[in-house]
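The values are calculated or read from the model by the stated rules, or taken from the named source; none is laboratory data. On a predicted model such as this, the values are computed, not experimentally measured, just so you know. No Cβ is skipped: glycine too gets one built from the backbone with ideal geometry, and neighbour counts run over all protein chains shown. Please note that ligands, DNA and RNA were not included when accessible areas were found on the heavy atoms of the full protein model with its side chains. Shrake-Rupley method; radii C 1.70, N 1.55, O 1.52, S 1.80 Å.
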Amino acid sequence: MAYRGADRQPEPADPSPDPVLAAADPTLTASADAGIARAAAELLALSHSIHAEPELAFAEFRSVAKTLEPLRERGFAVETGVAGLDTAFTATYGHGPLVVGICAEYDALPGMGHACGHNIIAASAVGAALGLAEVADACAITVKVFGTPAEESGGGKVLMLERGVFDGVAMAMMVHPGPYDIVGARSLALADLSISYTGRAAHASAAPEQGRNAGDAVTVAQVALGLLRQHLAPGQQLHGIVESGGVAPNIVPEHAELLYYLRAADSASLDDLMRRASACFEAGALATGTTHDIRMLAPTYTELTPDAAVLYAYREQIAGIGRVPLSPELEAARPLGSTDMGNVTNVIPGIHPVIGIDAAGSVTHQPEFAAACVTDSADLAVIDGATALARTAIQVAGDQFHRERLLEHSVQRQEDFR
């Protein structure tokens, strides 16, 4: 393949590279677009089918089978159960040195189904992969779809990353639905905690002095957390629920449990928040004479750190298909929750943009947003998201400078692990 930008000399990987890229080859983008268009009906059927049968973290068996079907038919080499996770997979096509990773998510929310639109994520990932398969040889790339379970709770990508599944990947991409198109989406670092209290049961009327109230420990801890909120640093958040607090009004609760998320702008700030919140959890135990235990329920999610050049290409491509994303100034105004894709972008150049759908004023994690994820607008997002991702990969792969930068980064990462 004749690469554009060949007159620019590659340099060692730089955390802030020149983001300007040469234009994508229109012949190649047209071929990818055509591949996606041919698969459009199948992609939309996939999105709707996953949406109709929501499955929770690490149990997305039907969703995985549905996602793999069009990839197998196109000749992708499939490996299931990767990283020791039953619902994780890889699907690979091509033999080029530049490995382009596309992440598919498919887990749903408890009691709310696909209110985060992971059905759109899975279908757009498959669509992008099918488009890139049309030009894999011409672009000298390997296309690799990563089926990543348990993004909502469990951190499938973190486990896959730690267990070597992402080794050799030069760039990683995905799109996530939301009310607006956001190219440089921000996320918060996240800790997913269980805080359990153990006291002593007693008759709440006949012998309350014999009891040690684990439910009261929960109350004290939550009051302390509420008072802490005034003094949180910018970007720090904490929110949670009482998972259990007793079994009957006439029994002093022997056991109680809180489930809490701690979030912060970056990992260092999250460590600070963890220290301060832990003191509040301990206060509940001290005040009530109970004991407590803090457990991490999932790997810590780090903040998104998108690659500037890949982001530049995506912004060009999403605008090229007629979408108008938020300005960079507005992008920076508010983070969009947390994602285990942050961990991936911390070690592999990548992006996690938001593809807009008409959600009638609703936002993610609302039932109304779940309903919006199988509308005509959501179907358009599947096709547009797939098209923008495929075109982005083509543009980056065709720019000699950034191609070499990504390859060098991939090689260096593998050497660092040796």
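How big is region 75-135 by Rg and Dmax over its Cα atoms, in Å?
Spelled out, the Cα radius of gyration and Dmax of region 75-135 are 13.4, 43 Å.
What does the charge count near M112 come to, summing +1 for each Lys or Arg and -1 for each Asp or Glu among other residues with Cβ under 11 Å from its Cβ?
Once positives and negatives cancel, what remains is -2.
Could you check how much of the accessible area of region 22-181 is carbon and sulfur, as a whole percent, using a 1.4 Å probe? Write out the running numbers ahead of the final one.
Values: 2740 of 5060 Å².
Taking all protein chains in place, region 22-181 shows 54 percent carbon and sulfur surface.
Within the chain, which whole H helices from DSSP have a Cα span along their axis of at least 24 Å and a mean Kyte-Doolittle hydropathy of 0.0 or more, if any? Working shown, then result.
Details: long enough: 267-288 (32 Å, 0.29); 376-397 (32 Å, 0.75); 400-417 (26 Å, -1.54).
Length and hydropathy pass: 267-288, 376-397.
Test of the criteria: in region 55-160, which GluC sites (Glu not before Pro) are in a DSSP loop and have at most 10 other Cβ atoms within 10 angstrom of their Cβ? Please list the in-between numbers first.
Values: sites: E55, E60, E73, E79, E105, E134, E151, E152; in loops: E55, E60, E105, E134, E151, E152.
The qualifying sites: there are none.
Using only the Cα atoms of region 269-418, each taken as one equal point scatterer with no solvent, compute I(q) by the Debye sum, divide by I(0), and report log10 of the ratio at q = 0.11, 0.18, 0.20 Å⁻¹.
-0.65, -1.20, -1.32
Ignoring ligands, DNA and RNA, what accessible area per residue does region 192-240 give at 1.4 Å, in Å²? Each step should come with its number before you reach the end.
On the way: 2430 Å² over 49 residues.
Here the per-residue accessible area is 50 Å².
Over the chain, what is the mean sequence separation of C-alpha contacts under 8 Å (at least six apart), divided by residue count, expressed as relative contact order in percent? Working shown, then result.
Values: 997 pairs, mean separation 109.1, N = 418.
This gives 26 percent for the chain.
Using every pair of alpha-carbon atoms in region 155-226, split the distances into 10 Å bins beginning at 0 and state the percent of pairs per bin, rounded to integers.
13, 23, 21, 17, 15, 9, 2
What is the Cα radius of gyration of region 289-346 over 2.2 N^0.38 Å, N being its residue count? Before the final figure, lay out each step's value.
Values: Rg = 17.7 Å, N = 58, 2.2 N^0.38 = 10.3 Å.
So region 289-346 has a normalised radius of gyration of 1.72.
Got a sec? Charge dipole of region 134-269, +1 on Cβ for Lys and Arg, -1 for Asp and Glu; which of A185, A204, G154 is way out at the positive end?
Positive-most Cα among the choices belongs to A204.
For a quick check of your reading of the filter: which trypsin sites (Lys or Arg not before Pro) in region 120-189 sit in a DSSP loop and have no more than 16 other Cβ atoms within 10 Å? Write down the numbers at each step before the final one.
On the way: sites: K144, K157, R163, R186; in loops: R163, R186.
Filter output for region 120-189: R163.
Determine by what factor the alpha-carbon radius of gyration of region 12-114 differs from 2.2 N^0.38 Å, reporting the quotient. Display every interim value, and only then the final one.
On the way: Rg = 17.0 Å, N = 103, 2.2 N^0.38 = 12.8 Å.
For region 12-114, the normalised Cα radius of gyration is 1.33.
Which value, in Å to one decimal place, does the Kirkwood hydrodynamic radius take for the chain when every pair of different Cα atoms is included? All intermediate terms of the calculation are to be shown ahead of the outcome.
Details: mean 1/r = 0.0444 Å⁻¹.
Averaging 1/r across every pair of different Cα atoms and inverting gives 22.5 Å.
Considering the alpha-carbon set of region 128-270 alone, what are its Rg and its Dmax in angstrom?
Gyration radius and largest Cα-Cα distance of region 128-270: 23.2, 81 Å.
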